[in-house]
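Every number in this text was worked out from the coordinates using simple rules, so none of it is lab data. Owing to the predicted nature of the structure, the values given are computational and were not obtained by experimental measurement. Here the Cβ positions follow ideal geometry from the backbone for every residue, glycine too, while neighbour counts run over all protein chains shown.
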């Protein structure tokens, strides 16, 4: 029980504080933030700012990591005023002017995550402590993203996640210093389920093979819930070890299970191998329950689809972005990337390019690299022109909300990059969910940590 | 019952690859006494022989087609493989379609040469060194080889399909009186199983019915005595290393359509193959084959839902549990020589 007594002086003080609070969006710009947030980890000096790109440079996702690195280099080039500017010219925010970030020239260091949590944390730590990186970004696995996000929170730097699709990254494992532009398992399922119902009907029995780690679990739970809501029955869910290479013993019993749909909650090499096994077993040539047997791959990646070859033809899935999009942002990015490297960018390249731009833009708008100011600039930020249509960075969980692409493996590809065709651009409203949705429950953002 | 038969089929198929790799491994251990951790890399190089031949056959002439555009809006490049130009579209397409079986012939001399260079260039310098040194140097070599392959072919798997006529699956269920779709099995996996039986039979026949094989077997039993008889056993053992490399290589070639080759596939098989050799008995050729099929079948059964429900995760550890049990109860392995690994 507190004793409070309202006085004239107290009323004036309270009013002034409330007024300042209301005026904060305009007050906290430029150097005001910098002044009020004194020290923070790895503040730039000598007119240079260092970003840390933590991507798989070895291991099974090395090609995806290489594509991410290409996109990072392109983003840095554009931010520093080089090249054709890429999506900087289509980005709705015009805070960046091609002179680096806040006048500091952008430099970068790279680390190798090896798609292993401990290696990724070690390389991120090294970039923060030895190289002075003020922001860490990248990755091609949810397990790695969650591990590095936790480290960045402790170290007091911003983490701009790369390719991570588990609900947990911005769900139970979300952190105040971490931000995700990529979509997630729930969004894939919400976009995909109506298309699947339309294509294959409501009376379907699904058999799930699921990669046994955080991404697989949340992807499976999401797609099972979304398809069950449309009338499908989930007859089985078999967890497969991540190290599995030959999926024959998991695929062989599927036809005899009564299921007429196989959902492969696999990514990367797992997806290539399980899909190849399913096609080899002739699943797609069979009829079960009087219907054609079908396969679904909830999360597609063009780079990985290439590994599965013609096996992807006609198979539905979802993706965060695709080079064949015709909006101005996507066209600018494809032109810029394609001219520099000779082939179109992957969705991994796109998301990390966007993350770098968004970070640079947020610093510019905040007037500082202080993680707390940058986080505040990103929270609730609405933008457009980065290839996914109008996009919102939700303040409560640091998840981007934007349209989702439902895609299908192309039947007759015209060239080696022409592997997926866009079936539907699912509007953002259809994939949005409440902050306290049960699939994302359990964690809190906590307090932003500026570090030093 | 149908599920059991299905998993036995599966196990025999998985076991084929294990048996072929383990056969080469144990052949090298039995002749040269070397624990060759680079043997998985030989399997991987074999698979990449298939990839390479496919790429060679797809080397194309390029013509710009102004009526089509590429992703940047430039005139599209239309590629026509030279084999189609030289042999006609149909014949050329058939040659490309059959690239994997053709790659077996392509791979054999390459693999023998790789094996020969590996043995003469590096491994022979480690014959008198402890097994730990041999393991370290061959493991290092395996890493170097896979990184070289990654440098040229990238990290992503590369699809390498079976010939069109061997795609699809056969319904054993109908043949055995079960309902349709109960026991289906892909044609190419059946071929792989038959192919591995053929290779295993050929290796055994070579060792048993040829003079060369007899000398090698004699050398495996008592190297010193054979040497004293004036036979250059080292040369024969080097040739055996080449043969073991070729066995691993053709196993890799034929495996390419089953799982798209990637630079890491050798490592995926290496540990399993060593377990197979240990379970079968170090240096025992029949033991390697028996253990390969046995562990393949056990692994298949362990991934059945009915078993995973009682023992979650058993599919990940079954092979290692078996190895522990064998090492405890019968350290020389199922068919190992008395005294080997038992002292």
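Using a Förster distance of 25 angstrom, determine the FRET efficiency expected from the C-beta separation of residue B:5 and residue B:309, and round it to 0.05.
0.75
Output the relative contact order of chain B, whole-number percent, from Cα pairs under 8 angstrom with separation of 6+ residues. Write out the running numbers ahead of the final one.
Numbers: 548 pairs, mean separation 115.9, N = 343.
Reported relative contact order: 34 percent.
Is the C-alpha gyration tensor of region A:186-319 telling us rounded, prolate or oblate? Criteria: a/c under 1.5 is rounded; beyond that, a/b larger than b/c is prolate, otherwise oblate. Don't jump to the answer; show the numbers that get you there.
Numbers: a/c = 1.33, a/b = 1.13, b/c = 1.18.
In terms of gyration-tensor shape, rounded.
Using the alpha-carbon centroid of each, what span in Å lies between region A:389-452 and region B:88-158?
Taking the Cα centre of each part, region A:389-452 and region B:88-158 sit 42 Å apart.
What spacing in nm lies between the two simple spin-label points modelled at residue A:46 and residue B:129, each 7 Å away from Cα in the Cβ direction?
So the two model labels end up 4.3 nm from each other.
Compute the Rg/Rh shape ratio of chain A: radius of gyration over Kirkwood radius, all on alpha-carbon atoms.
Numbers: Rg = 23.0 Å, Rh = 22.7 Å.
Reported Rg/Rh, Kirkwood definition of Rh: 1.01.
What FRET efficiency do you get for residue B:206 and residue B:320 if R0 is 41 Å and r is their Cβ-Cβ distance, rounded to the nearest 0.05? Let's see the in-between values first.
Numbers: r = 33 Å, r/R0 = 0.80.
Computed FRET efficiency for residue B:206 and residue B:320 comes out at 0.80.
Can you tell me the relative contact order of chain A? Whole percent, Cα pairs under 8 Å, sequence separation 6 or more. Present the calculation step by step, with values, prior to reporting the outcome.
Working: 988 pairs, mean separation 91.0, N = 452.
Relative contact order of chain A: 20 percent.
Compute the long axis of helix A:142-155 from its Cα atoms, compare it with the longest principal axis of the Cα atoms of chain A, and write down the angle in degrees, 0 to 90, nearest 10.
Relative to chain A, helix A:142-155 is tipped by roughly 10 degrees.
Given labels modelled 7 Å from the Cα in the Cβ direction, how far is it in nm from residue A:287 to residue B:74?
Once both label points are built, they end up 4.9 nm from each other.
Measure nothing fancy, just the Cα-based angle from helix A:185-200's long axis to the longest principal axis of chain A, in degrees from 0 to 90, nearest 10.
Taking the Cα atoms of chain A, the angle to A:185-200 is about 30 degrees.
Between residue B:62 and residue A:414, what is the label-to-label distance in nm when each label sits 7 Å out along the Cα-to-Cβ direction?
Modelled inter-label distance: 1.8 nm.
Mind ranking B:114-120, B:66-72, A:194-200 by how tightly packed they are, going by the mean number of other C-beta atoms within 10 angstrom, highest first?
Working: B:114-120: 19.9, B:66-72: 12.6, A:194-200: 17.7.
The densest-packed peptide leads the list: B:114-120, A:194-200, B:66-72.
Hey, quick one: spin label on residue A:382, modelled 7 Å out along Cα-Cβ, who in region A:414-452 has an amide N within reach, i.e. under 19 Å?
A:427-435
Give the separation of the Cα centroids, region B:285-343 to region B:176-206, in Å.
If we compute the Cα centre of each part, the gap is 22 Å.
Antiparallel versus total DSSP beta bridges in chain A: what percent is that, nearest 5? Don't jump to the answer; show the numbers that get you there.
On the way: 18 of 56 bridges.
Here the antiparallel bridges make up roughly 30 percent for chain A.
Given the options B:134, B:151, B:54, state which has the largest fluctuation in a GNM of chain B using a 10 Å cut-off (strictly under) for Cα springs.
Highest fluctuation of the listed residues: B:151.
I need to check one value: relative contact order of region A:186-319, counting alpha carbon pairs closer than 8 Å and at least 6 residues apart, in percent. Could the numbers behind the result be given before it?
Values: 236 pairs, mean separation 34.9, N = 134.
Taking the mean separation of contacting Cα pairs over the length of region A:186-319, I get 26 percent.
Using a Förster distance of 35 Å, how high is the FRET efficiency between residue A:105 and residue A:441, based on the Cβ-Cβ distance and rounded to 0.05? Show your work: numbers first, answer last.
Numbers: r = 43 Å, r/R0 = 1.22.
Efficiency for this residue pair is about 0.25.
So how tilted is helix B:131-153 from the main axis of chain B? Cα-based, degrees 0 to 90, rounded to 10.
0
Decide, for region B:252-332, between rounded, prolate and oblate: order the square roots of the alpha carbon gyration tensor eigenvalues as a ≥ b ≥ c, take rounded if a/c falls under 1.5, and otherwise choose prolate if a/b is larger than b/c, else oblate.
Oblate shape, in that a/c is at least 1.5 and b/c is the bigger or equal ratio.
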